[in-house]
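S.K.: Here it is: the structure, laid out below.
The values are calculated or read from the model by the stated rules, or taken from the named source; none is laboratory data. All figures in this text were calculated on a predicted structure; none of them were measured in a lab. Heads up, the Cβs are rebuilt from the backbone with ideal geometry, glycines too, and the neighbour counts pull from every protein chain shown. The area values use the complete protein model at the heavy-atom level, side chains included, leaving out ligands, DNA and RNA. Shrake-Rupley method; radii C 1.70, N 1.55, O 1.52, S 1.80 Å.
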Amino acid sequence: MAATPRKNRTARRILAAGAGLVTVGALVAAMPSAGAAGDRFGGGHGHGHGKGQGRLVDVQLLSFNDLHGNLEPPTGSAGRLTRLKPDGTSETVEGVGGVEYLATHLRQARKGNRYSVTAAAGDMIGASPLVSGLFHDEPTIEALNKLELDVTSVGNHEFDEGARELARIQNGGCHPVEGCFVKGKKFKGADFPYLAANVTNEKSGRPLLDPYFVWERDGVRIGFIGVTLEGTANIVSAEGIKGLKFGDEVETINKYAKVLERKGVKSIVALLHEGGLPASGAYNYDCDSPGPGNGVSGPIVDIAKNVSPQVDALVTGHTHQAYACTIPDPAGKPRTVTSAASFGRLYTDTTLTYDRRTDDIVRTAVASANHVVTRDVKPAKDMSKLIDRWKTLAAPIANRPVGHISADIENPLDAQVYEKPLGDLIADAQLEGMAPADKGGAQLALMNPGGIRAPLTRKASGSEGDGVVTYGEAYTVQPFTNMMTAVDLTGAQLVTTLQQQVSGANLASPKILQVSRGFTYTLDMTKTGADRIVVGSVRLNGEPIDPAKTYRVAMNEFLSGGGDGFAVLKEHRNKLVGASDLDMFTAYLTAHSSASAPLPVPAADRITVIK
């Protein structure tokens with residue numbers, strides 16, 4: 001069938017999560033039964049040309065993940081990739097990403113493909129640079145509409161501003177506080193469905209958003225089930241998700257695979273905002289060597305091995321890694337599992353061979369590869385105009401100088417780089433802001449690595465000049481505007497905090513906190529779990545940490561609330577709330593740098609790592 005109108009907006013809503021969901025309240029009126037997304041959104045774009053004839057049809061699945069509102073080309077380490085060369089050595093690929101170029105690459109890839117569907121695996125918005133974040137990510141949704149995205153799962157960052165704001169992102173309407181950003185123009189919302197099969201109302205059990213979507217063209221039907229990671233509640237602000245439950249990924253996907261099967265949809269793709277860690281950071285690394293899926297680890301492996309064989313492929317995200325693997329399903333058959341890094345630097349092109357006789361995917365014929373979003377193609381004019389329009393609105397705030405740097409201060413995306421120069425700088429800024437007696441009396445600061453979203457790059461992003469840090473660039477580094485706190489922790493609790501970096505919820509994917517000057521310790525990665533922290537090495541200003549002594553520790557409210565699996569931090573006492581992390585960061589840059597004396601790159605020598 002031909003593509004039908006893609007959306008009946010008046011029929012959509014996000015379910016209220018009950019009286020306890022303060023940020024949502026009573027959201028919109030009645031919603032059709034969960035799972036009817038394919039009826040309301042129509043059959044997808046059906047890009048390309050030609051006729052679907054014969055028993056076997058090749059369906060092109062284009063996918064990406066973790067865009068995080070990166071409309072402009074990302075800079076520094078955020079704008080590069082690593083590639084393996086034929087001789088086994090690696091090389092750096094500079095200057096990749098940017099939605100203007102992503103659009104061109106996707107449009108070129110679709111040419112000649114009558115059966116082409118574009119999907120994403122969450123975190124399209126949230127933790128975004130200023131040109132999108134300042135406007136509550138309306139620019140990114142507008143760009144994704146132009147990009148002709150067919151469907152995406154939610155990710156944890158879709159909940160950064162709470163469920164009520166996610167409802168507005170899906171359904172449209174001007175911001176409840178700031179109103180319409182463009183005079184006389186109402187934000188229309190997403191033209192594609194956000195899927196959240198495992199996000200439910202705690203009381204009713206009903207999904208917050210549609211759990212699945214069915215794409216159809218000429219009788220070819222593919223069902224998409226969208227989930228976010230079960231641990232989402234541990235990595236977002238608790239206030240915005242009150243009354244919501246985040247269910248088990250495998251149980252949820254298997255449940256809706258059966259629902260789709262009963263509806264006659266036998267070809268199924270899971271969009272899963274959870275991922276893995278390949279043994280190599282190179283985007284073209286063969287993670288099926290020496291055997292299927294042997295070159296990737298992390299949560300996605302167990303998930304993939306337990307998701308029903310009814311599901312034909314998994315498009316994943318969250319870890320910002322690149323891979324295209326085949327991990328065996330519960331029946332032992334190979335199944336494609338992909339991820340396209342982050343920030344629009346890659347896209348994945350997967351061929352799903354559809355059998356019209358069985359209405360299912362021929363698994364042995366599935367082929368998938370990641371492709372670089374290079375900038376040697378013509379940028380898409382409609383995207384360039386969109387970016388320029390929003391940049392003009394943001395310019396009075398974005399272009400204000402706040403500091404100077406002598407060289408790039410990096411935030412390496414490599415999961416094996418535990419201490420980051422930019423992490424040290426931010427932790428120092430937070431310590432300085434909270435150290436005065438009337439500001440909290442902090443003795444050290446801890447910064448969650450996921451809260452650092454981009455490097456500081458010396459090369460000018462506009463007309464400000466090389467080495468100048470603008471407010472917009474600082475905002476891109478710290479876009480959450482978390483309020484800072486100073487709290488009491490015992491020395492024993494501090495050591496437990498360090499141990500929770502590499503154990504419990506963080507065992508598979510360590511979350512190494514960035515620490516302020518004077519706080520040092522040894523991380524022994526040859527050991528496992530909590531034993532990786534060499535307790536006797538933990539020192540503050542050269543003195544061993546006393547388990548019985550109380551220390552004043554600066555951290556943002558996300559961490560002091562136990563975020564990122566640091567449950568012990570919720571046991572703090574005597575909390576004092578200060579200014580925002582962004583305000584402290586910009587104040588530090590201004591106070592410690594000038595055109596004649598730019599800020600040097602921190603040495604990143606506070607955590608000694610044994611590998």
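S.K.: Run through the DSSP bridge list for the chain and note the antiparallel percent, rounded to the nearest 5.
M.R.: 70 percent
S.K.: While we're here: Sort 124-130, 446-452 for me by packing, meaning the mean count of neighbouring Cβ atoms within 10 Å per residue, highest on top.
M.R.: The most tightly packed comes first, giving 124-130, 446-452.
S.K.: Right, another one. Could you please tell me the mean projected area of the C-alpha convex hull for region 150-206, averaged over all directions and given in square nanometres to one decimal?
M.R.: Projected over every direction and averaged, the Cα hull of region 150-206 covers 4.8 nm².
S.K.: Sorted by accessible area with a 1.4 angstrom probe, largest first, how do Cys174, Cys287 fall?
M.R.: Cys174, Cys287
S.K.: Would you mind putting 295-307, 364-376, 143-155 in packing order, based on average other-beta-carbon counts within 10 Å, highest first?
M.R.: 143-155, 295-307, 364-376
S.K.: In region 196-274, what % of DSSP beta bridges are antiparallel (nearest 5)?
M.R.: Approximately 60 percent, going by the DSSP bridge assignments.
S.K.: Shape call for region 528-611 from the C-alpha gyration tensor, a ≥ b ≥ c root eigenvalues: rounded (a/c under 1.5), prolate (a/b greater than b/c) or oblate?
M.R.: Oblate is the answer for region 528-611, as a/c is 1.5 or above yet b/c matches or exceeds a/b.
S.K.: Let me ask you something else. Mind checking which lysines have their Cα closer than 18 Å to the Cα of Lys439? Skip sequence neighbours fewer than 8 apart in that chain.
M.R.: Lys575
S.K.: Measuring from centroid to centroid over Cα atoms, what is the spacing of region 69-125 and region 260-303 in Å?
M.R.: So the two Cα centres are separated by 19 Å.
S.K.: Counting helices only, and only those DSSP H runs with n ≥ 4, report the 222 nm mean residue ellipticity of the chain as the sum of -39,500 (n - 2.57) divided by its residues, in deg cm²/dmol to the nearest 500.
M.R.: Value at 222 nm, helices only: -6000 deg cm²/dmol.
S.K.: Could you sort the peptides 544-552, 469-477 by per-residue average Cβ neighbour count (10 Å cutoff), highest mean leading?
M.R.: Peptide ranking by packing, descending: 469-477, 544-552.
S.K.: Please state, rounded to one decimal and in Å, the Kirkwood hydrodynamic radius that region 208-247 gives when every pair of distinct Cα atoms enters the mean of 1/r.
M.R.: Here the Kirkwood hydrodynamic radius works out to 12.5 Å.
S.K.: Still on this structure, I have one more. Determine the equivalent ellipsoid of region 387-456 by diagonalising the alpha-carbon gyration tensor, then write out the semi-axes as square roots of 5 times the eigenvalues, largest first, rounded to whole Å.
M.R.: Result for region 387-456: semi-axes of 26, 20, 11 Å.
S.K.: For Lys575, what is the net charge nearby, where nearby means another residue's Cβ is under 11 Å from its Cβ and Lys, Arg count +1, Asp, Glu -1?
M.R.: Around Lys575, the surrounding residues sum to +1.
S.K.: Run the quick spin-label model on Arg357 and Asn145: label points 7 Å from Cα toward the beta carbon, then report their separation in nm to one decimal.
M.R.: A separation of 4.5 nm, rounded to one decimal place.
S.K.: Also, I was wondering about something else. At a 1.4 Å probe radius, carbon and sulfur cover how many percent of the accessible area of region 104-195?
M.R.: 50 percent
S.K.: Report the convex hull volume per residue for region 506-573, counting only C-alpha atoms, in Å³.
M.R.: Convex hull of Cα atoms, per residue: 107 Å³.
S.K.: With 10 Å bins from zero, work out the P(r) of the chain over every alpha carbon pair and list the percent per bin.
M.R.: Histogramming the chain at 10 Å steps yields 3, 17, 28, 28, 17, 6, 1, 0 percent.
S.K.: I've got another one for you. Using the Cα atoms of region 399-500 to build a convex hull, what is its mean projected area in square nanometres?
M.R.: 7.6 nm²
S.K.: Let me ask something else. With all distinct Cα pairs included, what does the Kirkwood hydrodynamic radius of region 218-303 come out to in Å, to one decimal, could you say?
M.R.: 15.3 Å
S.K.: At most 10 other Cβ atoms within 10 Å and a DSSP loop assignment: could you name the trypsin sites (Lys or Arg not before Pro) in region 417-462 that fit?
M.R.: Lys459
S.K.: Take every Cα-Cα pair in region 540-585 and report what % of them are more than 15 Å apart.
M.R.: 54 percent
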